[in-house]
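**Student:** Just passing along the structure, written as structure tokens.
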Amino acid sequence: MRKRLIVSAAGVAALLLAVPAAAAPTAVGTPGIGDPYYPTYGNGGYDVSHYDIRLTYQPATDRLEGTTTILATATQDLTRFNLDFALDVSQVLVNGRPAGYAATGEQELEVTPAVPLAKGAAATVVVRYTGTPSKVSRYGFTAWLRTPDGGVAAGEPEAAWWWFPSNDHPADKATFDVSVQVPDGTQAISNGTLVSQTSRLGWTRFNWRQNKPQATYLTTLALGRFDISTDTTPSGLPVLTAYSKDLGDNAGAARASVQRTGEVLDWLSGWFGPYPFGSAGGYVPNVTTGYALETQGRVFYSPRQFAAGSNTSVVVHELAHQWYGDSVSLQRWSDIWLNEGFARYAQWLWSEHENEGTAQEIADYVYALHPAGDTFWNVKPGDPGPERQFDAAVYDRGALTIQALRNTVGEEAFFRILKEWPAEHRYGNATIAQFQAFAERVSGKPLGDLLNTWLYTAGRPAAGPVAPQGG
Ligand code: ARG
Ligand code: ZN
């Protein structure tokens, strides 16, 4: 409603002056990228092309300090924008000028550049910071894993806040340089290739480079005392693996599994097409957590994955993610089936390869294992919600869905879909809806009813993924 105003000349001048301020809110980047599960994750208004992270780490105290330089492009006019971060910031520069900054919410860092950014403008953002990541809790937890000899950043969907400021969402992927200085005798492991390692004054600096687009949660850092092995596969791919010197009884089984990385990658390439990255490998730090994570080109494994014996199946799972999750990343966290359903299905194919049961046999077994009414069937793999994102049903019902797809489209179309999807969206992002459209195009079959039943409807489907009879 408009009020009738009688204003003086000075009042008119004040109103005119107020116009730019009134227009300003449209030039503020949103504090989230628009993910329905995690409204504050990622940020709006800019796109990052590269992160340069340069750190010093003291394992005795878990003290981290350093500078991250972010190369970004404004996708709208920006008087202010956000980063996601949780450590203590001491300075922010935007295009060389000191910027205003404020920590708000759980993990937001609001940055106000001295000179606003115009849509399309390049921005170089430098953030200097310090912290003790293991002491920093957000939403009641810390994704930084402290070990007796150092620390590890590996978590999904959040891990970056504890060691570098970012646009923390897989929809904004970037290349990375990670440079870390640690006391001589400690190693720093990250993604990609070790481009240099130098020592002076009692410190060793490790410079790692990832030159393919990488999601922030797939960017990992491990600091500790490791034995590092390097190798090259018959096809020429460099493989670097690292094992904590302190793996106890799990050391043999861990090596016997992770040292098969090259063999597993060659086998997976047969199903999924060429390996998308320039280097590969994995590391096993002396953490106590239970999960593994498909950190790009250098998988994070917990020693607990090998406590019950060797476990090539987990290696297959995490390496399958290099195609399904890392090269082709989800667009929104609700698309998690595109990661976990396919990584679990790769384990079923590996079982068949190892003569330990075919994919169809495992599907029949899993379907029978969960009778109607089992809470397992309450989870919808196509939209599990943030609390159920990593529920076993996303993996197992997700893989049942893929077996049902295989039986519906036939062997030839199915294996074309498995191989061509990673090529279609290489180094990009995709949604389940795009996968459906793609699979329909390749197979020539409508798949809406099938995926609706298996991915989006609670309850046990009336029939399992039954193999077609006869020829
Ligand atoms: N993507 C990982 C895997 O399937 C799951 C990691 C779960 N994350 C976590 N913080 N528990 O191997
Ligand atoms: Zn997984």
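Just so you know, all these numbers are worked out from the coordinates, no wet-lab data involved. Predicted, not measured: the structure shown is a model, and the values here were computed from it. As a convention, Cβ positions derive from the backbone with ideal geometry for all residues, glycine included, and neighbour counts pool all protein chains shown.
**Student:** Provide the three semi-axes, in whole Å and in decreasing order, of the ellipsoid equivalent to the range 202-315 as defined by the square roots of 5 times the Cα gyration tensor eigenvalues.
**Tutor:** 21, 19, 13
**Student:** Once every DSSP H run of n ≥ 4 in the chain is given -39500 (n - 2.57) and the sum is divided by its residues, what mean residue ellipticity at 222 nm do you get, rounded to the nearest 500 deg cm²/dmol?
**Tutor:** -8500 deg cm²/dmol
**Student:** Show me the GluC sites (Glu not before Pro) within the range 341-377 that DSSP assigns to loop and that have at most 14 other Cβ atoms within 10 Å of their Cβ.
**Tutor:** E354, E356
**Student:** Can you give me the Cα centroid spacing of the range 196-215 and the range 401-422 in angstrom?
**Tutor:** Using only Cα atoms, the two centres lie 40 Å from each other.
**Student:** Grab the other residues whose beta carbon is less than 13 angstrom from that of A86, score K and R as +1, D and E as -1, and report the net.
**Tutor:** Once all neighbours under 13 Å are counted, the net charge is -4.
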